[in-house]
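Novice: One structure coming up, written as structure tokens, with questions to follow.
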Amino acid sequence: MTTLDLPVVGTTARLPAWTRILCALFFFSGFPALIYQLTWQRELFRIFGVNSESVTIVVTAFMLGLGLGSLAGGWVSKQRWIGLLPLLAAIELATPPSVSCRWRSLNGLAR
């Protein structure tokens, strides 16, 4: 049986407004991660020059963060006493200050 053999189900039911808003927020929360990745890459280019090592460092750190975040998120999602939506909001709000601290330390390293 293939997907072509399955009957087409026409649903007109829409998701509730709250669910659609959350989906949009999750979608748009990925853009800062890509912006931070590009910013880190440009900072490393400025400090170490354009080479394959700086690109490798940025992409490796980005992928490591995704993997560790997935592991931590899986563990946290199983804890019933933690509200997941407030936790996500706290992480999103804590990201810019932590990035600015890392930029300052990286600029200190370049001097």
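The values are calculated or read from the model by the stated rules, or taken from the named source; none is laboratory data. Source: prediction; values computed, not measured. Note that each Cβ is placed from the backbone with ideal geometry, even for glycine, and that neighbours are counted across all protein chains shown.
Novice: For the condition within 13 Å of the chain's Cα centre (by Cα) and surrounded by 13 or more Cβ atoms within 10 Å (Cβ to Cβ), what is the one hit in T95, T39?
Specialist: T95
Novice: Quick check on L25: is it assigned to a helix (DSSP H, G or I), surrounded by 11 or more Cβ atoms within 10 Å (Cβ to Cβ) and over 14 Å from the mean Cα position of the chain (by Cα)?
Specialist: In short, no.
Novice: Please specify each residue of the stretch 42-54 satisfying the condition of being within 20 Å of the chain's Cα centre (by Cα) and either aromatic (F, W, Y) or modelled with pLDDT of 80 or more (or both).
Specialist: R42
Novice: Would you be able to tell me the number of residues in the stretch 72-87 that are in a helix (DSSP H, G or I) and within 19 Å of S29 (Cβ to Cβ)?
Specialist: Number satisfying all stated conditions: 9.
Novice: Okay, next question. Go through the stretch 39-60 residue by residue and tally those that are out of contact with any Leu (no Cβ under 7 Å at 6 or more places or on another chain), among the small types (G, A, S) and part of a helix (DSSP H, G or I).
Specialist: Going through the stretch 39-60 one residue at a time, the tally reaches 1.
Novice: Within the set of pairs 6 or more residues apart or between chains, which connect a residue that is within 16 Å of I21 (Cβ to Cβ) inside the stretch 79-99 to a residue that is outside any helix (DSSP H, G or I) with Cβ atoms less than 7 Å apart?
Specialist: These pairs meet every condition: E92/S29.
Novice: Got at least one residue in the stretch 3-16 being modelled with pLDDT of 80 or more, at negative phi and in a helix (DSSP H, G or I)?
Specialist: no
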